[in-house]
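Read the structure below first, then the notes.
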Amino acid sequence: MYAVIMAGGKGTRLQSVAHDIPKPMFPICGKPILEYQIKSLKKSNINDVVIIVGYLGDVIKDYFGNGSRWNINIQYITEQEPLGTAGALYYLKDKVNDDFILIFGDLIVDVDWNRFMQFHKNTKGLITLFGHPNAHPFDSDVIVKNESNRVTGIDSKNNMRNYYYHNFVNAGLYCVSPKLLQNIKCAKKIDLEKNIIAEQIALGNVYVYRSTEYVKDMGTPDRLHSVTEDVMNGIVKARSLVNKQRAIFLDRDGTINILNGFINNTDDFKLIPGVTKAIKKINESEFLCIVATNQPVLARGECSREGLDKIHAKMETELGKQGAYLDDIFYCPHHPDKGFIGEVPELKIECECRKPKIGMIKDAALKYNIDLNQSWYVGDSTTDVQTGINAQMKTILLNTGEAGKDGKFNVTPDYHADDLISAIDLILQKNRRLLHGL
């Protein structure tokens, strides 16, 4: 595979930190950002890299040379004048004849590039975005997609969002087909998102890959400090899907939101106080935060998939307002019992995903390379505890929601906690003790 790194940025907002180096060369723990990117690519056996340079490009060339120090081959394209985020791709037409990785040079990343590229090739699209949730979706462009992961639109951060939306943003990484380059007719200033991606979305040629891996820009002094801490703490490396992940699985009703019967509309969905703070603590740790929930309202005909999607959009919007996010949401739409007015017959089945069966857990583990033995399930019912036991996870039963009084299973959780934040504090405390061998 080829990788192309856009490294021509000035780093204007970082001038207070250093003014004599290009942004991709800003050091983090003694190494420039570009070196982290190159080492991440090398781990996926990507040995051919093209770096597009501009401002102070000689600093980059002098440091990396031909790449032999990292056992890779580096070529350079020099912008004589700024060509935006896509104009310089014109010069790649004669250099690449297969799908390639495109990275912006101000990102700290550690990604399983082979997973990303395989997903892209399976879609047969012209370009695949790397999407993830973040801690500030309210000021980010949000990706809108369908169930096939085809991108149907980009919800601009400049829109007046008086509606609920999913926390799913473009991270600045791409898999690109060389066919896309045919749309760039000459070397002129071109914006990748506005001029290229927007056009291809309308033609149905853009897809999005969802990942929990670490991708953050360091374009301001505050962000530079934040990613430096994450590198030092090992979070960047740990989040790569090359490595086994640990997750905290959460039930939804009675755990995240106030238990209010079978919720079938956004008005009835309200977060439990303190939940946002708890989820934010998970986000700041090396654990993934994944929801796995039974939603029989679909099988009962009391809510459509579109309606459930709006409820989950409200959950993500409300969490995002306070800087928290869910890495993913898995739900079971089935229910085995029949006889409800308006029920959906095809969903009235015995399935493998309805808790306490572990179909949803297995799907999440496969998607994100999760080690279930090192993961937790947190919920408010004996069904949740039984699910965790069935998946060989550690379990915590909360005193919120059902508080274990549903009585469906005769089980004993590993731990009890008053609420979600107490549960997360317990998990993180035990994790710290484990790391320090206590």
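The values are calculated or read from the model by the stated rules, or taken from the named source; none is laboratory data. It should be emphasised that the depicted structure is a prediction, and the values quoted were computed from it without experimental measurement. Every residue, glycine among them, receives a Cβ derived from its backbone with ideal geometry; neighbour counts consider all protein chains shown. All accessible areas refer to the heavy atoms of the entire protein, side chains included, with ligands and DNA or RNA removed. Shrake-Rupley method; radii C 1.70, N 1.55, O 1.52, S 1.80 Å.
Over the chain, with a Gaussian network built from C-alpha contacts below 10 Å, which listed residue (420, 319, 180) shows the highest mean-square fluctuation? Among 420, 319, 180, the largest GNM mean-square fluctuation belongs to 180. With r as the distance between the Cβ atoms of residue 432 and residue 244 and R0 = 25 Å, compute the FRET efficiency 1/(1 + (r/R0)^6) and round to 0.05. Efficiency computed from Cβ-Cβ geometry: 0.85. Nearest 10 degrees is fine. How inclined is helix 33-43 to the longest principal axis of the chain, computing both from alpha carbons? Between helix and principal axis, roughly 70 degrees. Projecting label points 7 angstrom from Cα along Cα→Cβ for residue 193 and residue 150 puts them 2.3 nm apart. Largest GNM mean-square fluctuation among 322, 295, 80, using the chain with Cα springs under 10 Å: 80. Determine the shape class of the range 257-331: with a ≥ b ≥ c the square roots of the Cα gyration tensor eigenvalues, call it rounded for a/c under 1.5, and otherwise prolate if a/b is greater than b/c, oblate otherwise. Taking the square roots of the gyration eigenvalues as a ≥ b ≥ c, the range 257-331 is prolate. Isolated cysteines in the chain, defined as those with no second cysteine Cβ under 4.7 Å, comprise 29, 175, 186, 289, 303, 351. Based on every Cα atom in the chain, Rg and the maximum pairwise Cα distance Dmax equal 23.2, 73 Å. Computed from label points 7 Å out along Cα-Cβ, the spacing between residue 20 and residue 66 is 3.0 nm. Taking label positions 7 Å along the Cα-Cβ direction at both residue 284 and residue 371, the computed distance is 2.5 nm, reported to one decimal.
With N set to the residue count of the range 149-195, report its C-alpha Rg divided by 2.2 N^0.38 Å to two decimal places.
Numbers: Rg = 14.2 Å, N = 47, 2.2 N^0.38 = 9.5 Å.
Compared with the compact-globule rule of thumb, the range 149-195 sits at 1.50.
Too long at a 21 Å Cα-Cα cut-off: which of 93/121; 95/179; 23/93; 244/394?
On the way: 93/121 19 Å; 95/179 13 Å; 23/93 26 Å; 244/394 17 Å.
The pairs that break the limit, which is 21 Å between Cα atoms, are 23/93.
With the cut-off at under 13 Å, measuring from each backbone N in the range 164-199 to a point 7 Å along the Cα-to-Cβ line of residue 313 picks out 164-168. Once the Cα atoms are used to define both axes, helix 305-321 deviates from the longest principal axis of the chain by about 70 degrees.
Basic side chains Lys and Arg get +1 at the Cβ, acidic Asp and Glu get -1 at the Cβ, and with that the dipole of the chain about its Cα centre reaches some 740 debye. Per-residue extension of 0.36 nm, minus the Cα-Cα distance of residue 78 and residue 43, leaves a gain of 10.0 nm for this segment.
Dividing the summed -39500 (n - 2.57) terms of all DSSP H runs of n ≥ 4 by the residue count of the chain sets its mean residue ellipticity at 222 nm at -7500 deg cm²/dmol.
Ranked by the mean number of other Cβ atoms within 10 Å of their residues, highest first, the peptides 89-102, 373-386 come out as 373-386, 89-102. Stokes-Einstein, applied to the Kirkwood radius of the range 76-159 over Cα pairs at a viscosity of 0.692 mPa s and 37 °C, places its translational diffusion at 211 µm² s⁻¹. Take the Cβ atoms of residue 223 and residue 118, set R0 to 41 Å, and the FRET efficiency comes out at 0.85. Mean-square fluctuations from a GNM of the chain, with a 10 angstrom spring cutoff on Cα atoms, peak among 310, 338, 145 at 338. When the alpha carbon gyration tensor of the range 175-283 is reduced to an equivalent ellipsoid, the three semi-axes, largest first, read 37, 24, 15 Å.
Dipole of the chain computed with +1 at Lys/Arg Cβ and -1 at Asp/Glu Cβ about the Cα centre; of 201, 122, 258, farthest Cα towards the positive end is 122.
Farthest towards the positive end of the charge dipole of the range 222-372, among the residues 234, 245, 292, is the Cα of 234, using unit charges on the Cβ of Lys, Arg, Asp and Glu. Of the residues 29, 332, ranked by 1.4 Å probe accessible area with the largest first, the sequence reads 29, 332. Our note on the geometry: Cα centres of the range 355-395 and the range 223-242, 26 Å apart. Given R₀ = 41 Å, what would the calculated FRET efficiency be for residue 139 paired with residue 405, taking r from the Cβ atoms and rounding to 0.05? That gives a FRET efficiency of 0.45.
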